[in-house]
Each structure stands twice: as C-alpha cells, then as structure tokens.
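Heads up, the thing below is written out as structure tokens.
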There are 2 protein chains.
Amino acid sequence: MSRTFNVVQYGIGPIGLSCLRTILSKKSHINLVGVIDIDPAKAGKDVADILGLDTPTGILVSPDADKVLSSTKPDVVVHTTSSFLARMYDQLILCARHGASIISSTEELAYPYVRHPEISAELDRVARENGVTILGTGVNPGYAMDALALMATGVCNQVRSVTIHREVDAGLRRLPLQQKVGAGITEAEFAEKKATGMFGHIGLVESIRLVADGLGWNIDRIEEHLDPVVSRKEVVTPYLTVKEGSVAGIHHHAYGYDGDQLLLTLDLKMFVGAEDPRDAVKVDGDPPMDLVVKGGIFGDTATVATLINGIPQTFFAEPGLKTVKDVPLVRAFGTR
Amino acid sequence: MSRTFNVVQYGIGPIGLSCLRTILSKKSHINLVGVIDIDPAKAGKDVADILGLDTPTGILVSPDADKVLSSTKPDVVVHTTSSFLARMYDQLILCARHGASIISSTEELAYPYVRHPEISAELDRVARENGVTILGTGVNPGYAMDALALMATGVCNQVRSVTIHREVDAGLRRLPLQQKVGAGITEAEFAEKKATGMFGHIGLVESIRLVADGLGWNIDRIEEHLDPVVSRKEVVTPYLTVKEGSVAGIHHHAYGYDGDQLLLTLDLKMFVGAEDPRDAVKVDGDPPMDLVVKGGIFGDTATVATLINGIPQTFFAEPGLKTVKDVPLVRAFGTR
C-alpha cells in the first residue's frame, strides 16, 4: 500500500475541513486533487485561504461535483456532507459513476441495508457496475460501538451477549457537539427537541445491525431510548454554562433482541462534566472479554482518522457497497 | 456467511484437541470431515474416543494427510502442528495442492516474509495456483500484540510510537505453559535454557513485523531480550510450586527501530503469580489511545477461538499467503 492516492474531499463542514488538514499533512501518501462544497461563500476559493494556510494549494473549492470528478478522476472521494442517506445518496451515485470509490461519514451508511434497503441495493449495483467501493465509517457508528466490539469477540469461542458503553465528556468537544447533545437547555426543551425525532445520536441502530450481522446473529427487535442527563452541579465549558438541574447532555441507549433474548446493549452518554469518559466492550463469552479505552476515543479527531485511514481499504476492497466488517482492519495510514 | 464449512483438523496436540471440541460444538456452521495426526497412539481411533464423548463421530484419526485431504476435500484445514515453519511447510503445501485453504497456529506464519522469504514466496505461489488462502493466526502472535494494536491505531491521525504490554498469569494456565515459561526452575537453569535459543515466547518479532507492515513503517533493527521473572514469594499452582527466589516465568521484550527512533515496544510477561494480568496498547498519537483488556486475553481458549473464528475469512479471502491484517476483521463465528 505504498502508493499515493488521488483524493477529492466532498463537503467541507467542520469534519470535512479537518479531513482536508489531515489530507494535506500526508502529502507523500495522499494527493488532494479537488474539493467540492455547495456553500457559495467557499466557492472559487483556494483551499489554503479556507484553512488559513500561507501557501496556495492551487486547489479551488467548487460546487460543481460533476465537473470536479470528471476533471480530476480521483481514486477515492472522502465524503462528509450529511448524516442521512436519503438526502444525499445521489452524491454517492455520481462519484461511483465517475469511477471513484467513496469513504463517507454518513452515519446511516455505516449499515444501510435495513433502514434503506432500496437505496442500498442501488448503491451496491452502481458501485459494482463501476468497479468501485462505497464504505460508510466514522468513530460512532463505524468503530467505538461496533467494529471494536466485533474485534473483541474475535478471541471468543462462544458469545452470549455483548454490552457496549461509550461515555463522552462533551465539555472537551467543540461547540456544535455540546449543542447537539442539548447542553445547557431545560428538561422541557429537551422533551421538545426529542419530540421532533431529529435529536440525539444517529447510529445506535446501525451499530446494532452491524454487530449482529458481523456475528451472524438474528435481531428481530430493537428498542431505543433517549433520556436527558441532568446536571447535578454547575459546569462551565469554554462555550457555555450548564446550571445545576439543567440538561448536561444525552443518554441514548439501545437494545437488540432475538425473541425475548437480549443480545446487544449499546449505552451512550454524551454530556458536559462526564467523570468517567471511556469506551468499553464487555463480551459475555468464553473466554469473556473486558475491553476499555481509557478516557474514551476522542470523537472529533478520531472521526477524521477513520475516514482518512480507510482510504487504502476502500480503494483495494472488492467493488460494491461495504461496511467496516467487510474490509481488512482499518489502521493508521500515512503516518511516516 | 451462513454457509457450513467442511473442515479438516490437522494436528491434535492440546490446542488441536480444543479446536476439535469447538468445531464439534458448532455443528450448524462447521462440518468436521477429517482429522490428521501422526501419533500412532491416536491413529484409527474415532474422534469421540479421543475426546471422551459418548457417541462416535464416525471420523477416524489418520496419519495419512494425503489420503484424508483427497477423500474429504475440505474447504478449510485448521492446522496446529508446530511453531516453526521450516519443520512443516510441506504440510501447508500439501493442503493447498488439495485445494484447501489453511488457517494455522504456527507462530512463524503470523508474519513469515522476513524470517522465511523463500518459504513465504513458495507458499504464496502454491496458494495462488490452487486458488486457496494460507493464514497464520493465534492469540499471540495474531491478535493481542499486533492485530489489536493495529485496530487501536485506526482512530489516530498521527502515530509516533506504539507500546504493547501483555502480562499473563501462567498460574491460571495449563501445565505445558507453566513449564514453557520455566516456572519453578532456578535462574541458572533459566540461563541454560535461554542459551539453547529454543526457550521463551515465539512471535514477538513476527508481531513487530506485522504491526510495522500494517502501518507502512520501516523497521531496520529489532532488539529482543529474554529475562527471568524471579518470584518474590512462594506461589503454588495446581501443577507445581515456585519457591521464593526461583523463576516464576519469562519477561520477553522486543523493540523495533527505524534508525535510532524507537517505534514499537512489545513487552510480554508470562509468570505464575502475576498480579496485574492484562493486555494493553498505548498509542502515542493524535488522538492518543490507551486500550486495555482487563484481566488479559485468556490464551488457551482464545487461541482456539482465533483459529475457528478465522475459518470464514480464510475461506473467502483472495488466494495467496495472507496475514491477519489482510483479511476482514475476525469476529466470533458460529455462536448461535
């Protein structure tokens, strides 16, 4: 894998911008050939201007995906535009038709087959037709609550159930994440947001499906719960203050059953003031496994890492729509 | 992967016997079609007699590998005969020529390219010619000190160095392992054993090569050290007694350098009376990773698990000689 990959960055919101920085820091491994974003404020600007770099890169941001893809013919597109597949799967189709493999942060793409069976079939068909791979990944879904759990089971002869905890101190993360988890709002406001159906973490169901499929397990029922974590003390972050009694963040938990057997438990807490941030996988198996990432996996940078580190695996994988369980172990790439 | 795999077990020492038990416990996923072992005491016996089962399996142990392979045509051979490639690579060649993929516990096969370049090239050539895969795995090498470390780096944008600790309480393991680590012998006896060059753990160098290759790192020098762990108290196991001042086990450690830069540290302690048994990976990176398997991965059963769980990946992989970094994430298989 010592080749250099020609890469287009598609979408330069906060995660996309971090991807750009990482891509440019790995010049002997990755060659940035184009950047796509629909924001008129960014169109036509050199990537260097947007990132605040001294030397122009010669790569201008363009809103015209078709033009960028046909003129640059990338090996892989790093795609970071939306959490929801229905909103943007035409973007993936376009990349595939241009012969580019795609690694995407779209949460629903981490395991799209159940929520979006038709879109999944279409993506798989177009990817195969064009000899490219489409892969959804990220830190969660894509790693912390699914791939790492599957990895933990690799040394078990029997597995009866898997319990996955992720506790994130949102106070250490960027403002959008603190807002995303409702830090500082009241419980009534939390209930309102929850009622919209567009609040909370996206991906627990995808992670359950991914782990179950990886283990060859049937899951016929998934229960999902979203509760506020109420702060027992005042917490001040660089961006906001959470008063005692107001919402510090979310407790999002989901359970996968086969009949009345609870097989998979995913427990996610993201709140400011978390005292035991960690990622943990417990496998009730033979032998059992008790795996912990102390301090937890730092989401902002780790999400970028999963995307950039997955470039070689996405490029070399068999054509089609894939998940992280289908490709060789994603490990750090281009670090020396 | 809901198909059933026809499997031959090649070698039924302690690990091979455990593999047999696991294979027979997964009948809806694995179909045992043959067993090969050269031990005259086992030849001709039904597997059930050897395992102490009530019902005959109809599968007789045979020393004639050629005959077993040609009459049973297995999808995959689970191979557990030797730690050393030079002693048995003809066994792998024979399996490959019969069209069987192979998953093997041979430690040197976990990353054979540097220590055995010619054998590796030959294995790769014959595997490709016959459309089969040859994969070496196990808990160590194959998982604890290499695959798990690579997995940990998957969420890192930069990696400066990786430090891997494995501490095993040999007192909880079977007698051969306690003997293998020299539990109960004197320091002078330890020195004698060490001087033979056939003592200590096999696989640290393979793990270093595997991690380095996975990360695309150059390693031009490996330092390896083997020291006794001297017991500070008397420890009694079900099999033997280690007196205060005698050897409790091994401290085997290895270091991978690029020039004068220390990139990889592997620190393995296997001794009776270990107080903090664990597997730990520390990645000095961005973000850093501090991953721990509390209590450690229990080697005896876990080694069997890596072999049996790897059957589907070995079968479905591209033909050739592969390592665990080349195949999709090995996870538990056939557990329901």
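The values are calculated or read from the model by the stated rules, or taken from the named source; none is laboratory data. Since the model is a prediction, treat every value here as computed from it, not as a measurement. Note: ideal-geometry Cβ built from the backbone for every residue, glycine included; neighbour counts use all protein chains shown.
Quick notes on this structure:
- Number of positions in segment A:116-139 that are over 17 Å from A:Ile208 (Cβ atoms) and either surrounded by fewer than 22 Cβ atoms within 10 Å (Cβ to Cβ) or facing another protein chain (nearest Cβ under 8 Å) (or both): 11
- Of the residues making up segment B:246-260, those that are in a strand (DSSP E or B) and in contact (Cβ under 8 Å) with a residue 60 or more places away in the chain are B:Val247, B:Ala248, B:Gly249, B:Ile250.
- Matching residues in segment B:310-322 - criterion: being touching a helix residue (DSSP H, G or I) at 6+ places or on another chain (Cβ under 6 Å) and either farther than 18 Å from B:Asn130 by Cβ or assigned to a loop (DSSP other than H, G, I, E, B) (or both): B:Pro319
- Output for segment B:192-207, where each listed residue is touching a residue at least 24 places away in the same chain (Cβ under 8 Å) and either in a helix (DSSP H, G or I) or assigned by TED's automatic domain parsing to the domain that holds B:Ile15 (or both): B:Lys194, B:Leu204, B:Val205, B:Glu206, B:Ser207
- Filter result for A:Glu275 (touching a Ser or Thr at 6+ places or on another chain (Cβ under 8 Å), assigned to a loop (DSSP other than H, G, I, E, B) and of a type outside the set (Gly, Ala, Ser)): no
Yes/no matrix, rows are residues, columns are (1) within 26 Å of B:Ala183 (Cα to Cα); (2) basic (Lys, Arg):
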residue	(1), (2)
B:Gly273	yes, no
B:Asp276	yes, no
B:Asp284	no, no
B:Gly295	yes, no
B:Ala302	yes, no
B:Gly320	no, no
B:Lys325	no, yes
B:Arg331	no, yes
B:Arg336	no, yes
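A quick yes/no check of all residues on (1) of a type in the set (Val, Ile, Thr); (2) within 26 Å of A:Ala280 (Cβ to Cβ); (3) in contact with a helix residue (DSSP H, G or I) (Cβ under 9 Å, 6 or more places away or on another chain); (4) at pLDDT below 95:
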{"position": "A:Arg97", "(1), (2), (3), (4)": "no, no, yes, no"}
{"position": "A:Pro112", "(1), (2), (3), (4)": "no, no, yes, no"}
{"position": "A:Ala121", "(1), (2), (3), (4)": "no, no, no, no"}
{"position": "A:Tyr143", "(1), (2), (3), (4)": "no, yes, yes, no"}
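- A:Asp326 being under 30 Å from B:Ala280 (Cα atoms), among the charged types (D, E, K, R) and within 8 Å of another protein chain (Cβ to nearest Cβ): yes
- Test: residue in segment A:83-101 that is in a helix (DSSP H, G or I) and among the acidic types (Asp, Glu): yes
- Residues of segment A:289-307 satisfying the condition of being modelled with pLDDT of 95 or more and facing chain B (nearest Cβ under 7 Å): A:Met289, A:Asp290, A:Leu291, A:Val292, A:Val293, A:Lys294, A:Gly295, A:Ile297, A:Ala302, A:Val304, A:Ala305, A:Thr306
- Candidates A:Val77, A:Val61 - the one that is in contact with a Lys or Arg (Cβ under 7 Å, 6 or more places away or on another chain) and outside any helix (DSSP H, G or I): A:Val61
- Just so you know, in segment A:146-179 the residues that are surrounded by fewer than 24 Cβ atoms within 10 Å (Cβ to Cβ) and among the small types (Gly, Ala, Ser) include one that is farthest from the chain's Cα centre (by Cα), and it is A:Ser161.
- Segment A:168-182 residues that are in contact (Cβ under 8 Å) with a residue 60 or more places away in the chain and closer than 15 Å to A:Ile202 by Cβ, paired with ones that are assigned to a helix (DSSP H, G or I) and basic (Lys, Arg) (beta carbon under 7 Å, 6 or more apart): A:Gly182/A:Lys193
Results for (1) part of a loop (DSSP other than H, G, I, E, B); (2) aliphatic (A, V, I, L, M); (3) more than 14 Å from every other protein chain (Cβ to nearest Cβ); (4) in contact (Cβ under 8 Å) with a residue 24 or more places away in the chain, shown as yes or no for each residue.
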| position | (1), (2), (3), (4) |
| --- | --- |
| A:Pro141 | yes, no, no, yes |
| A:Ala152 | no, yes, no, yes |
| A:Val159 | no, yes, no, yes |
| A:Arg166 | no, no, no, yes |
| A:Leu210 | no, yes, no, yes |
| A:Gly214 | no, no, no, yes |
| A:Arg232 | yes, no, yes, no |
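- Considering each residue of segment B:131-144 in turn, at least one proves to be under 28 Å from B:Thr301 (Cβ atoms) and out of contact with any Ser or Thr (no Cβ under 8 Å at 6 or more places or on another chain).
- Restricting attention to segment A:268-279, the residues that are surrounded by fewer than 23 Cβ atoms within 10 Å (Cβ to Cβ) and more than 18 Å from the chain's Cα centre (by Cα) add up to 5.
- Within segment A:180-228, the only residue that satisfies the criterion of being polar (S, T, N, Q) and within 18 Å of the chain's Cα centre (by Cα) is A:Ser207.
- Only one of A:Thr265, A:Thr306 that is hydroxyl-bearing (Ser, Thr, Tyr), in contact (Cβ under 8 Å) with a residue 60 or more places away in the chain and in the same structural domain as A:Thr241 (by TED's automatic domain parsing): A:Thr265
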